[in-house]
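The values are calculated or read from the model by the stated rules, or taken from the named source; none is laboratory data. Values in this document were obtained by computation on a predicted structure and should not be read as measured data. No Cβ is skipped: glycine too gets one built from the backbone with ideal geometry, and neighbour counts run over all protein chains shown. To get the accessible areas, we keep the full protein, side chains included, count just its heavy atoms, and leave off ligands, DNA and RNA. Shrake-Rupley method; radii C 1.70, N 1.55, O 1.52, S 1.80 Å.
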Number of protein chains: 2
Amino acid sequence: MSGDAARRQTPPTLPPTPDFDHYPVTETIAAVEPEGGGRVLALVWSDGRRSRYHAIWLRDNASNPEVMNLETREAWTDVTALPADPRIASTAVDSAGALEVRWAVEPFVSRYHPGWLRAHDYSNPRETRSEDPAEIAPVLWDAHLAEPSSFEGATILDDDAALESWLTAIATYGIARLRSVPCEPGMVTRVAERIGPVRPSNFGRVFDVRVKTGPGSNAYTDKALTPHTDLPTREYEPGLQFLHCLEASPMGGRAVMVDGYKAAAVIAARDPAAYKALTEIPWPMTNRAPDSDYRWEAPVICLDDKGAVKELRVAPFLRAPLNSTFDEVEEAYRALRVFFATAAEPDLQLVFDYRPGDLLGMDNRRLLHGREAYDSASGERWLQGCYGEREELHSRLRILARSRRAP
Amino acid sequence: MSGDAARRQTPPTLPPTPDFDHYPVTETIAAVEPEGGGRVLALVWSDGRRSRYHAIWLRDNASNPEVMNLETREAWTDVTALPADPRIASTAVDSAGALEVRWAVEPFVSRYHPGWLRAHDYSNPRETRSEDPAEIAPVLWDAHLAEPSSFEGATILDDDAALESWLTAIATYGIARLRSVPCEPGMVTRVAERIGPVRPSNFGRVFDVRVKTGPGSNAYTDKALTPHTDLPTREYEPGLQFLHCLEASPMGGRAVMVDGYKAAAVIAARDPAAYKALTEIPWPMTNRAPDSDYRWEAPVICLDDKGAVKELRVAPFLRAPLNSTFDEVEEAYRALRVFFATAAEPDLQLVFDYRPGDLLGMDNRRLLHGREAYDSASGERWLQGCYGEREELHSRLRILARSRRAP
């Protein structure tokens, strides 16, 4: 049976889901077994899996017009409007394959889409639930990666498949490049907005990385920049950074990039004491400026509650005076030296030239980006940059996947 | 001696500090005592306090032009360029009152501003260091607060003292109002930008809260909204929200506000089990929309590492299906019901009318904001809103304090 034929046979009357996503019906409901006096419902699927749902959970996620604004797919009221202890009076599977629930007290019938129910099965281990298209495992890299993954930039503005390829590479490697993006000021935000809103900062919505008189940052000189993350001075460091090369200097200024996750792994293996200090002792960071004063303290390597590296937060030129306890000071400096010495190892660095038209997409909470010094007398070097967020990348990846799944 | 006379007597030759702030010299350096073979320096101040600094810390924070770009006040290089184990060869206090340090190997002399040194004394308890003007203790409130603190809105755009009063009230209470802000679309961002950049979202840089056809959110209907925080669907919930009333409905639509910190404290005292569930079990939140799919899971009440409430994250119409372990489900729902029932108690609510020209500044990570239903047939109700961040508020409070301290 072809895909088209299968779609024609899909019953047309499955109920709306509580969201705007698409849920293929891969298994059907073979049996329904109430438990605990109507407080729990067990479904047995056509492949034998057993999924259990609480009555309160089903009632909360009903998509009846009585409880949900179907236009916004948002509940009309809060949880205090639910019965405290809803009970299921009876159930059925209707001709469309939907689960029908009759409530013990309330007069309406709730119907549930079987694909949606299966995707939200919280009674089995997490891996049995539907995959999040935004959850892409990072692949760590070192100098063996000779060039960042590169994609044709001309197509990105209107080709969703090209966009998805580029975004998937950013999520995987923390850096991916577009080639031949038109060399027009402002293109960097047009590309970034294919993902989501641009995040402004005190440096503006777009910033120009070039030599300036009265620079507000060392970035606006022709000196080398040690690989770093941008704006670790904020509670929420920007998740994405985009840099678009409008003019490339003939002499120097090559990009120097390090996978921060890889550097962290190397340090963890080689010098556990330094790793401990880097993950535990907060370093204050600050933006020094006449008209702003941002400060945030966090370890250089931040772990999530499972001990995995969540983000890096460090820029040499943004460090504020260490404000730890007296006895931690010398170990904090030793560990920071280990960190920068490791990131400076050629074996970990990806070094490459910018060409006009190159546009880099980077995970600013993972990638350490820097540059070699250049000779500003030998020619102009001009990058335009802007920031975005990881969650915009994740939202976009989900929407691109949703479009592919659309019936 | 008058203030002016004191300023004229201040030695004119104190060295630059590693930042752009001002450090009054309240105490002078009475004695300098090297320790540990030049690895540590102890200062004895004119009031008897003893402050100790490591040589590596002093070397790192030197403001010599050899190590710091004095234009940006940023270090030229990273910590690997420092001597691994710098030693102090000799010290002096010069005629300006600055500490002079000669290094054992490097040829330059570093000079330190005594006010800056005292403000950064990390060898004594934290409370002896300089105060952060952005650290304002929250004052919890309930229905006894009959009106939010209110300020004259006309002056806010060019009067720094008026701005500081309003911002201090936002930091203290989580809500403060401006009156008589001109009823022009876009004023809300002009006011917000007195603090810092506006944070855009999928709802735009500015959003209009009014009845819309094809609403993207329940907020854009005339229905009641349970008090909630905005965008708990993001990893980083916006720290500030501004709402400017351009037109007020004659029938209903009153603001219903709750101090989320107070509600959390009430629940902690009354129902520790519910508090535990609310601070530990993550609730998924999602923005349901055809073209975006934001998701984030976090407890409704988020604590910092000292157990204090850091933020609240909850909106009834943005809850996604609970995705916890099976055995947590009923307790999670019970606790959420306790949360909303508590927030619905009149004793905790601040209820007031919007007048055209009112502009509310709110800490969106603390305040639960909602509204009563209104009758959209009886007249137009139009609020314009935008988001900002706590860290922009903090930066602005520091700069306003810095201006007051300027010599």
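Here are a few things to note about the model shown:
- Amide H within-cut-off set for A:Leu367, under 5 Å, with H built and near neighbours excluded: A:Gly260
- Membrane-span-like helices of chain B, defined as complete DSSP H segments with a Cα extent of 18 Å or more along the helix axis and a mean Kyte hydropathy of at least 0.5, are identified as B:160-173.
- Take B:Leu70, push a point 7 Å out from Cα through the beta-carbon direction, and compare it with the same point in every other copy: 7.2 nm, smallest first.
- Burial here means at least 10 square angstrom less accessible surface with every protein chain in place than with the chain by itself, probed at 1.4 Å; in the stretch B:378-407 the buried residues are B:Glu391, B:Glu392, B:Ser395, B:Arg396, B:Arg398, B:Ile399, B:Arg402.
- For the protein assembly as shown, a simple Cβ point-charge model (Lys and Arg +1, Asp and Glu -1, everything else neutral) yields a dipole of about 20 debye relative to the Cα centre.
- Shielding by other protein chains, A:323-330, mean Cβ within 10 Å: 5
- Counting only protein heavy atoms and using a 1.4 Å probe, the accessible area of B:Leu140 comes to about 80 Å².
- Chain B: calculated mean residue ellipticity at 222 nm from DSSP helix runs of at least 4, using -39500 (n - 2.57): -6500 deg cm²/dmol
- One quarter of the convex hull surface built on the alpha carbon atoms of the stretch A:208-257 amounts to 4.3 nm², the projected area averaged over directions.
- Label point 7 Å beyond Cα along the C-beta direction, distances from A:Pro185 to other copies (nm, shortest first): 2.8
- Convex hull volume per residue for the protein assembly as shown, taking Cα atoms only, in Å³: 191
- For the rotation that carries chain A onto chain B, the axis lies closest to a Cβ at A:Tyr236, 2, where the number is the distance in whole Å.
- Full extension of the segment from B:Ala273 to B:Val351, taken as 0.36 nm per residue of separation minus the current Cα-Cα distance, would add 25.2 nm.
- Cα centre as origin, Lys/Arg/Asp/Glu Cβ charges: chain B dipole, Debye: 200
- Translational diffusion coefficient (Stokes-Einstein; Kirkwood radius from C-alpha pairs) of the stretch B:28-78 at 37 °C, 0.692 mPa s, in µm²/s: 266
- Copy-to-copy label separations for B:Asp353, where each label sits 7 Å from Cα toward Cβ, in nm and ascending: 7.1
- Separation in nanometres of the label points that stand 7 Å from Cα toward Cβ, at B:Ala81 and A:Met251: 2.0
- Taking label positions 7 Å along the Cα-Cβ direction at both B:Ser150 and B:Asp132, the computed distance is 3.4 nm, reported to one decimal.
- Kirkwood Rh and Cα Rg combined as Rg/Rh, the stretch B:150-400: 0.96
- Modelled spin labels at A:Ala341 and A:Val93, positioned 7 Å past Cα toward Cβ, are 6.5 nm from each other.
- Contact surface B-A: accessible area buried, both sides summed, square angstrom, 1.4 angstrom probe: 7600
- Per-residue shielding of B:193-201, expressed as the average number of other chain Cβ atoms within 10 Å of the residue Cβ, stands at 3.
- Full extension of the segment from A:Asp208 to A:Thr13, taken as 0.36 nm per residue of separation minus the current Cα-Cα distance, would add 64.8 nm.
- Charge tally around B:Leu348: other residues with Cβ under 9 Å, Lys/Arg +1 each, Asp/Glu -1 each, net -3.
- Placing +1 on the Cβ of every Lys and Arg and -1 on the Cβ of every Asp and Glu, with nothing else charged, gives the stretch B:1-152 a dipole about its Cα centre of roughly 780 debye.
- Among B:Pro321, B:Pro272, B:Thr189 - extreme Cα towards positive end, dipole of the stretch B:150-400, charges at beta-carbon: B:Pro321
- Evaluated at q = 0.10, 0.21 Å⁻¹, a Debye calculation over the C-alpha positions of the stretch B:14-130 (equal weights, vacuum) places log10 I(q)/I(0) at -0.27, -1.30.
- Counting lysine pairs in the stretch A:150-400 whose alpha carbons fall under 28 angstrom apart, excluding pairs fewer than 8 residues apart on the same chain, gives 7.
- Pairwise centroid distance, computed over Cα atoms, of the stretch B:240-294 with the stretch B:324-340, Å: 17
- For the stretch A:75-96, residues shielded by at least 20 square angstrom of accessible area compared with the chain on its own, probe 1.4 Å: A:Ala75, A:Trp76, A:Asp78, A:Val79, A:Thr80, A:Ala84
- Centre-to-centre, using Cα atoms only, the stretch A:72-116 and the stretch A:354-400 are separated by 48 Å.
- As a length-normalised measure over Cα pairs under 8 Å and 6 or more apart, the relative contact order of chain B settles at 21 percent.
- Net charge of neighbours whose Cβ lies under 12 Å from the Cβ of A:Arg179, counting Lys and Arg as +1 and Asp and Glu as -1: -1
- Summed residue charge, Cβ within 12 Å of A:Val198's Cβ, Lys/Arg positive, Asp/Glu negative: +3
- Carbon/sulfur fraction of accessible area - chain A, other protein chains in place, 1.4 Å, %: 52
- Applying 1/(1 + (r/R0)^6) with r as the Cβ-Cβ distance of B:Val44 and A:Ala143 and R0 = 51 angstrom yields a FRET efficiency of 0.50.
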